[in-house]
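Below is one structure, written out as structure tokens; comments come after it.
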Amino acid sequence: KTVTADKKKKRVQVTKVKVYINSTYNNTIISIADYNGNILAASSPGVVGFSGSKKSTAYAATKAAEDAVERARKYGVKDAIVIIKGAGMGRQAAVKGLRSSGLNIISLSDFTPVPHGGVTPRKKPRA
């Protein structure tokens, strides 16, 4: 029986990335992906060490963004396109955290889903 050596994983160098910020009322999730959509690093306030209602704060979002950039540093990340979704507390704070950790933001776009018409209201009760 011959034992084959494990293939060494190639370290991919990526300079331009997409940063997805999903900000809800209870949490903020930051994902850093290359242009093909492969996730390089992800972080959230829970990963950093916040729990409960502290996860929804702006400070927690800032720390999570800094942590995500730190994890993506090993891929040589420099420039980023930022895509924001959601209406939580950590929207601007997460972008601030990305910028403070040395990431050059090329463009910033808001893809928050907005209902066009929304759901049908309930029937009025009959008297």
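Some notes on this structure:
- Residue list for segment 20-48, restricted to those being under 8 Å from the mean Cα position of the chain (by Cα) and over 15 Å from residue 62 (Cα atoms): none
- Flag if residue 112 is of a type in the set (Val, Ile, Thr), open to solvent by 100 Å² or more (accessible area, probe 1.4 Å) and without any contact (Cβ under 8 Å) to a residue 40 or more places away in the chain: no
- Subset of segment 11-25 (residues that are open to solvent by 50 Å² or more (accessible area, probe 1.4 Å) and more than 12 Å from residue 88 (Cα to Cα)): 11, 12, 13, 15, 16, 18, 20
- Filter result for residue 30 (under 22 Å from residue 87 (Cβ atoms) and not basic (Lys, Arg)): yes
- Count - residues of segment 26-82 that are of a type in the set (S, T, N, Q), assigned to a helix (DSSP H, G or I) and either more than 18 Å from residue 105 (Cβ to Cβ) or open to solvent by 60 Å² or more (accessible area, probe 1.4 Å) (or both): 2
The values are calculated or read from the model by the stated rules, or taken from the named source; none is laboratory data. Keep in mind that this is a model prediction, so the values were computed, not measured. Using ideal geometry, Cβ is built from the backbone for each residue, glycine included, and neighbour counts are taken over all protein chains shown. Just the protein is used for accessible areas: all its heavy atoms, side chains included, with ligands, DNA and RNA removed. Shrake-Rupley method; radii C 1.70, N 1.55, O 1.52, S 1.80 Å.
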